[in-house]
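Taking it in order: structure first as structure tokens, then the write-up.
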Amino acid sequence: MLKNHRSSVIALFIQIGTILFISLLVIFQSAIILSIFEWGVAQGLLAGFISYYLRMPIWWTPIHFVFIPLSIILLILDISSLWFFSFFLCLLLIYGRTYKTQVPLYLSSKRVNIALETLLPDQDQFSFIDLGSGCGGLLKHLAKIYKNGMFHGIESAPLPLLISKLRSIPYTSTCKIFWGDFWKHDLSRYDVVYAYLSPVPMKLLWHKANKEMRPGSLLISNTFIIPGITPYKSIQLDDFSNSTLYLWKM
């Protein structure tokens, strides 16, 4: 996860550097006269361009662009700091350590559930894990259908974890949701590993899977491909995000 920390540090330095640059322009030149908000937009454009030029993950570009302009707007509106704290707390409860993992909250569609039904064994006992299980909808669906499976999920965001635990109560004998970091969780005991992450950690996921997963076990990624590794099978889904399931046999 070192790369993830590095992106956050680079983003911080981009913000600091562009704020200093714009501040120096305001202080030492008089040819360009703009309002504070207009200077904020200029800083956002510059920070977004630098982020794009450095080939940072694409979502950093709009974040850089809106950060200072939105901050100026909020200061002008004189909104109580309690609203900022409440908003931050809500984000923390919903997204957890996304700033560290760079894996946002994605929810699998019903078509993903249906597609996975065709990939899991009907009779043999098997174990399944969802890395970053979100609100637990996928696990609940599969546990309800497959009595011959053991379904595990790992989630680090507090609110989705609570929701998923409540949803899995009727299936506690076969469906268990854990709080934690899936990077620290051993994958060797699972027959099927499912992940709906982001482009950023896919190389690390492949390294972890190669190191820990048993021969013959199945790695499934929703939407995001492992760079340089051709899947043995892919399933195109006609859902709201035009998802594709990628499958690798270990």
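Which ones in segment 137-176 are of a type outside the set (K, R) and part of a strand (DSSP E or B)? Matches in segment 137-176: G149, M150, F151, H152, G153, I154, E155, C175. Screening L162 against (1) among the hydrophobic types (A, V, I, L, M, F, W, C); (2) surrounded by 16 or more Cβ atoms within 10 Å (Cβ to Cβ); (3) touching a residue at least 12 places away in the same chain (Cβ under 8 Å) leaves a single unmet condition, (3).
Looking at segment 224-250, which of its residues are part of a loop (DSSP other than H, G, I, E, B), in contact with a Phe, Trp or Tyr (Cβ under 7 Å, 6 or more places away or on another chain) and surrounded by 12 or more Cβ atoms within 10 Å (Cβ to Cβ)?
Scanning segment 224-250 gives I225, I226, I229, P231.
Condition check for I33 on (1) in a loop (DSSP other than H, G, I, E, B); (2) at pLDDT 90 or above; (3) among the hydrophobic types (A, V, I, L, M, F, W, C): one failure, at (2). Only a single criterion out of (1) closer than 24 Å to I145 by Cα; (2) open to solvent by less than 60 Å² (accessible area, probe 1.4 Å); (3) part of a loop (DSSP other than H, G, I, E, B); (4) in contact (Cβ under 8 Å) with a residue 60 or more places away in the chain is not satisfied by R189, namely (2). Open to solvent by less than 40 Å² (accessible area, probe 1.4 Å), of a type outside the set (G, A, S) and either without any contact (Cβ under 8 Å) to a residue 40 or more places away in the chain or farther than 25 Å from R111 by Cα (or both) - does that describe any residue in segment 194-201? No, there is no match, as no residue in segment 194-201 is open to solvent by less than 40 Å² (accessible area, probe 1.4 Å), of a type outside the set (G, A, S) and either without any contact (Cβ under 8 Å) to a residue 40 or more places away in the chain or farther than 25 Å from R111 by Cα (or both).
The values are calculated or read from the model by the stated rules, or taken from the named source; none is laboratory data. As the structure is a prediction and not an experimental result, all values here were calculated from the model. So basically every Cβ, Gly included, is an ideal-geometry build from the backbone, and we count neighbours across all protein chains shown. The protein model used for the area step is the full one, side chains on, heavy atoms only, and it has no ligands, DNA or RNA in it. Shrake-Rupley method; radii C 1.70, N 1.55, O 1.52, S 1.80 Å.
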